[in-house]
Amino acid sequence: MRLGIVMLCHSALDRAAQVVRHWSDNGCPVVIHVDRKVPEDVYARFVDKIGDLPDVAVCDRIQCNWGDWSLVEATQLAASELLGTFPNLDYVLLTSGTCLPLRPVPELTTYLEDHRGVNFIESVTCEEVPWIQGGLGHERFTLRFPFSWKRTKRLFDAFVALQRRVGYKRKIPSGLVPHMGSQWWCLVREDLEAILNHHRRAEFDRYFKGVWIPDESYFQTLIRQVSDRIESRSLTLAKFDFQGRPHLFYDDHLELLRRSKCFLVRKVWPQADKLYDTFLSGDNTSWGDDEPEPGRIARICSSALERRVRGRPGLYMVGRFPRNDSEFIRTSARYAVFEGFGDLFENFPGWIERRTGFRCHGHLFAPERAEFADGAKLVSGALSDNAKLRDYNATGFLTNLLWNTRGRRQAFLYGPRDTKGVGGFIASDVNADVVVLTGAWAVRLFCENLPFAEARRRAAELQQREADHLKELRQSWARARVQVWSLADFLRNPSDNLDNIINDISPAPSRSVLQLPPMVDLRGFRQFLQNLKNEGMDPYLVGDLPPSQELRASNPAMP
Amino acid sequence: MVPGLYERAGGPGARLRNLGAAYGMRRRRRRLLGRAFLKRRQLRAVVDRTPTLGPDDILAFATVRNEADRLPWFLDHHRRLGVTHFIFVDNDSDDGTGAFLSDQPDCSVWHTSHSYKLSRFGLDWITWLMIRHGHGRWCLVLDADELFIYPHWPTRPLSALTERLDQTGTPMMGALMLDLYPQGPVGDTAYRPRQDPLEILTHFDAGNYSIQVQRPMKNLWVQGGARARAFFGDEPRRAPTLQKVPLVRWHWRYVYVNSTHALLPPRLNRIYGEGETLSGVLLHTKFLDSIVKRSAEERLRQEHFANSDLYNSYYESLTQNPSLWCEASTPYRGWRALEGLGVMSRGDWV
């Protein structure tokens, strides 16, 4: 089994020389194409460095530009030279100066021996390719691209749009079905020869000169003309970031790369001494005949992509601060907001905790302080209960609390007395479960025994604030799951109603806590409401309270 | 309009207003460059080793005053990261700082005895030195009590980071200033020079930061942390600003506006986005034992805040050897933990 190497070099020539030496030491002939953009003296030093190696040659240099025909041309040049000089090869591998062979070369040749006659080249039709850069799939093959995507992006886009508008389409040469895939392949010598010596090559070349990024489609398409033994995957592991640039691998990836069992990797940071020292050490101890398993690296890269593009939901930090109209997942986890329940029931948060297993705080946005569960002054993340600090950025306080406590569902009480600014934010958040008991503030007023004039003033104020908040919850942009009960409706059957509410919100409520939390004594409450009405203030959000007989009957806990 | 975090400028006349703001910022930038030019005469070169600099050198700039204790570790840490040259402005130190720095082979030192406050807290001097030496290079601008870290820092040098930033077309990187403090009163454990300050400063506040976007420069405004919690509970708006843009591939036209919290032109403030961008942390080692004595001095000198009188109670509290630690503090366990907590992010730099 003889393997020949075609290497394309653009930079980091010292490292490239090191890799060339590695291939050569293992008996593989190498032909190298060095980008014409590399200065003459650097090139001369490179040639000098590999001058002592047998079966190593450099071919004519042309200038290479990303995404255009020159990369294919360079490959053709070097491959022709390789095939001409070394006629007895079985396989040809295309690699770059920054690719690093991971497994010992004999293991690669054994692997190829076992798969003799199979071409290792990723070759997929455009419809199946998920990683297309710039949003162009099949159009790469049917439009023209006279402007550089990197340097004159606007012209590039405008010209694409123009061609779409007028319905321009190039003709694809008959018999060709466009395929795309990784630039880096390993082909059977005869099949590569068949591509390079194809009787229609002039026609194909002319066509592909106008295709965008032909280095990812020329060989990938033509291989289908000359062979049907294609294993559509690359032996070279390459991963791309969200801008379509290859990820670099560093010294700290050593174990990850070793465990991937891949034959080659692109691309390695030129200063990653440890990687080069380890994988080019000349130690040809076998890794076993395992198949490559790039899955783990693929997972790491795709989660990095997700993090770069979307970020962790609900996290606000120096590197992430989304605009408000661009996303509706604004917090890191689901949470429940109980409005009004704290006024009607005693120690409602404690009951919620027992019933649902949520962490339930008191009025987090109370005017005096944030009433954290268990009366804590600070919660995880050193979030303080200081009302001024909290109100300085109330939405930030909430997102921080939810981020700091992720892992356990949070719940809290809210009401018309509390910080106003956060109500709309909650309404717009998909993670919020909001249950409102409208008019419950009247119960608290009733219990507080204020002078009546004062109570009347407060009632009007609280009702207005609650009405404003209800309006927010009904806006078109509201995304929270909202249930609104008037106090009166709720009181008709508190036990069943509360049960339904909890079942709606909690995934697995505890069955052992069935009793209602103790309710405040409502004797005289009807009269209190009537007095308000008599003073000209209509507490309409309370609803029509059932007669007190019924009230008492529905709540056995009441005296 | 959806309520919440950060609103887009809109409505009639928005474009005109934006144009006006852009012109205002341009004028401001030019004025600041002019100031730096005028202040150049306040600087006297003590040791100038800059002629040896090459295009790939990564520079660090700092204005210092009596930092002889902190500087050895500061230099060691940033040398280890891969800073190849340090440029210091010595603001009239009398504890041997100047001599110590002049002896370092990779430091250049300028001396001045003019006012720190009147030089925009040293920025005018630094801006002038950056015009002369920073242009085209990656520059870190730090205080002596800041230690810069970034994702993967123990295994990847700064040059790997700056290459990555170059590659992604980002000429700057943002960082959160993270106040570290000891478990106990700040003045109780004595710090020895050359000691790792993180042996004493073991804790920080992980999740109490308040973030907003400020117009017209669209820079983030991050506040909170231990100092807001302990000292600014009554006036959160006055709490120190915590975001910084310490690492920039410099151009002589750039200026820092307010410490290194914000820059002009405004595009350099876009350190944030929809997803997570690569960001670092400045470990703030302010709360070593020396803070207690220093605060008494600073209170008299009044050189550190624009309206220093308002910060008297802050200095007052510090002179009483307070403890910043609380039950909800988080112990510092390296960059991976910070990333998990969402204090910094590697973006897609795997």
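Worth pointing out:
- Shape of the range A:1-155, Cα gyration tensor, a/c cut at 1.5: oblate
- FRET efficiency estimate (nearest 0.05) - Cβ-Cβ, B:Trp221 to A:Arg258, R0 45 angstrom: 0.50
- Inter-chain neighbour count for A:376-388: the average number of beta-carbon atoms from partner chains within 10 Å of each residue's beta-carbon is 6.
- Solvent-accessible area of B:Asp92 with every protein chain in place, 1.4 Å probe, in Å² to the nearest 10: 70 Å²
- Area buried, chain B against chain A - accessible surface, total, 1.4 angstrom probe, square angstrom: 5200 Å²
- Relative contact order computed over chain A (Cα-Cα under 8 Å; 6+ residues apart), in percent: 12 percent
- Cα-derived Rg to Rh of the range A:335-554, Kirkwood definition: 0.95
- With the whole protein complex present, A:Lys37 retains an accessible surface near 120 Å², based on a 1.4 Å probe.
- Efficiency of FRET from Cβ geometry, B:Val213 and B:Asp92, R₀ 35 Å, rounded to 0.05: 0.40
- For the range B:14-340: rounded, prolate or oblate by the Cα gyration tensor [a/c cutoff 1.5]: rounded
- Summing Cβ point charges (Lys, Arg +1; Asp, Glu -1) relative to the Cα centre of chain B gives a dipole of roughly 1980 debye.
- Taking B:Lys286, A:Lys533 and ordering them by how much accessible surface each has at a 1.4 Å probe, largest first, produces A:Lys533, B:Lys286.
- Ellipticity at 222 nm from helices only: DSSP H runs of n ≥ 4 in chain A, each -39500 (n - 2.57), divided by the residue count, give -11500 deg cm²/dmol.
- As a rough guide to protection, the peptides A:187-197, A:499-509 ranked by mean Cβ packing within 10 Å, highest first, stand as A:187-197, A:499-509.
- Each Cα pair under 8 Å and six or more residues apart adds its sequence gap; the mean of these over the residue count of the range B:158-238 is a relative contact order of 22 percent.
- Under the convention that each Lys and Arg Cβ holds +1 and each Asp and Glu Cβ holds -1, the size of the dipole of the range A:3-309 around its Cα centre is about 1740 debye.
- For the range A:319-409, the square roots a ≥ b ≥ c of the C-alpha gyration tensor eigenvalues yield an a/c of 1.5 or more together with a/b exceeding b/c, which makes the shape prolate.
- Alpha-carbon centroids, the range B:41-88 and the range B:268-342: separation in whole Å: 23 Å
- Restraint check, B:Lys244/B:Lys286; A:Lys169/A:Lys209; A:Lys37/A:Lys274; A:Lys420/B:Lys244; A:Lys239/A:Lys267, Cα-Cα greater than 20 Å: A:Lys37/A:Lys274; A:Lys420/B:Lys244
- Ranked by solvent-accessible area (1.4 Å probe, protein heavy atoms only, all chains present), the residues A:Lys169, A:Lys153 order from largest to smallest as A:Lys169, A:Lys153.
- Per-residue accessible area (protein heavy atoms, 1.4 Å probe) orders A:Asp521, A:Asp289, B:Asp106 as A:Asp289, A:Asp521, B:Asp106, starting from the largest.
- For the range A:415-434 versus the range A:227-276, the gap between their alpha-carbon centres in whole angstrom: 48 Å
- Dipole of chain A, positive end: most advanced residue of A:Ala478, A:Leu143, A:Leu248 [Cβ charges, Cα centre]: A:Ala478
- Note on the range A:8-74 and the range B:149-166: Cα centroid distance 28 Å, given to the nearest whole angstrom.
The values are calculated or read from the model by the stated rules, or taken from the named source; none is laboratory data. Remember, predicted model here, so these are calculated numbers, not experimental data. Every residue, glycine as well, gets a Cβ built from its backbone with ideal geometry; the counts of neighbours run over all protein chains shown. Accessible surface is based on the protein model in full, side chains and every heavy atom, while ligands, DNA and RNA are left aside. Shrake-Rupley method; radii C 1.70, N 1.55, O 1.52, S 1.80 Å.
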